[in-house]
Amino acid sequence: MLGVTERPVRILAAVNFHFRESRLQYLFQVIRALCEYPVEALDIVITTNVDRDGALKEITDLCGPLFRPFPARSKSTKGLSIESFPKLATPWLLPWSHKHLISERFLSAESTCTHFIYVEDDILLSFDNFCYFTRYREMLKGRRLIPSFQRIEYNDADNHLYLVDQVGVSDLSSRNRVDLDGYAFINLDYPFNAMFILDRELALEYVETPSFDRERSKLVRPDWDVACRAAMGLCFENPPEGFAARYVSPVDPGALTTPSWSWVYHLPNNYAKDRLKPFAKTRTDQQFSSEGNVVGWRPASKVVEYLALMRGKKRSSGPEPSL
């Protein structure tokens, strides 16, 4: 199998950005990480809810320098554009605004792109992440499985990394698995990534599924909110027998951990120290612990919940993250 660096790779990426000045710092880091991919071509489209000249100028002034020519990689081309959707019925619909880029641009007859990336504005997707995906995508495709990722956060209170979407510990031995390169690929408890990657074969399949449509996707995952469904890709479309989803993640059976190249960093770190939510309370080295009490989160009292709600109403300026 050819490695990702041994063949031309041309990426079309959509970055979903609900405009807040406080989140421009995350957008910059996400765009910068993508711009560091050593690929033949990279076109990034920022989909946003604003069309004010001042706001758009803030985005381009911040991210524009990342797209200037780099003599050390003179054969690599990069482009940036912004698409605005200011009249959505609710801000939660913004994550759906990239879908036409898949069907009309990525899959067009004139397109030479090899991969499509969708990522939210606070998920840092490294080139190691991309290489991991391309390697195991080829190795898993015959089984109708897709390599997946885990969101992580850093907690500066104890200097540990935490799994955002893992609530409590899991039992590795009870799960169906595919063994590759010394790793066991399994379904995780909650396979939300806030991003997805498609090659052309996956994209052709995706646009024909209910998951590609905002309304029909409710039938696939009625318990996920509209923003989360926009990012679920082919996760739940026709998984193979013995698997609840097509998304699988690698686990080192000896260390009982997932490898760092399957982690994507959730830049705000807003869950790790939030007492009101159970997310990001399981350490990366404790996901498959035999000790059920290693996760110390307990629901907050009603008084704490009420006070937090009051504070939240006063400082709210748009949609919070879906989870």
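The values are calculated or read from the model by the stated rules, or taken from the named source; none is laboratory data. A quick note: this is a predicted structure, and the numbers were derived from the prediction, not measured. Here the Cβ positions follow ideal geometry from the backbone for every residue, glycine too, while neighbour counts run over all protein chains shown. Heavy atoms of the whole protein, side chains included, go into the accessibility calculation; ligands, DNA and RNA do not. Shrake-Rupley method; radii C 1.70, N 1.55, O 1.52, S 1.80 Å.
A compact table of results
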item: In region 128-146, the residues that are outside any helix (DSSP H, G or I), surrounded by fewer than 23 Cβ atoms within 10 Å (Cβ to Cβ) and of a type outside the set (Lys, Arg); result: Leu145
item: All strands (runs of 3 or more DSSP E) inside region 1-110 with 1 or more residues being at pLDDT 95 or above, open to solvent by less than 30 Å² (accessible area, probe 1.4 Å) and within 17 Å of Ile197 (Cα to Cα); result: 10-17, 41-48
item: Lone qualifier among Ala194, Ala203 - being in contact (Cβ under 8 Å) with a residue 40 or more places away in the chain and touching a Pro at 6+ places or on another chain (Cβ under 9 Å); result: Ala194
item: Restricting region 153-170 to residues that are closer than 17 Å to Asn187 by Cα and not hydroxyl-bearing (Ser, Thr, Tyr), the residue that is surrounded by the fewest Cβ atoms within 10 Å (Cβ to Cβ); result: Gly168
item: Near pairs, Cβ below 6 angstrom, 6+ apart or cross-chain, from region 90-107 (closer than 10 Å to Val226 by Cα) to any residue that is open to solvent by 10 Å² or more (accessible area, probe 1.4 Å) and modelled with pLDDT under 95; result: Trp92/Pro319
item: Condition check for Arg214: open to solvent by 10 Å² or more (accessible area, probe 1.4 Å) and touching a residue at least 60 places away in the same chain (Cβ under 8 Å); result: yes
item: Tally, over region 225-253, of residues that are part of a loop (DSSP other than H, G, I, E, B), under 21 Å from Ala203 (Cβ atoms) and open to solvent by 10 Å² or more (accessible area, probe 1.4 Å); result: 5
item: Residue satisfying all of: in region 108-124; touching a helix residue (DSSP H, G or I) at 6+ places or on another chain (Cβ under 8 Å) and polar (S, T, N, Q); farthest from Ala227 (Cα to Cα) among these; result: Ser111
item: Qualifying positions in region 280-299 - at pLDDT 90 or above and open to solvent by 40 Å² or more (accessible area, probe 1.4 Å); result: Arg283, Asp285
item: Matching residues in region 32-46 - criterion: being in contact with a Leu (Cβ under 7 Å, 6 or more places away or on another chain) and under 13 Å from Ile11 (Cα atoms); result: Leu34, Cys35, Leu42, Asp43, Ile44, Val45
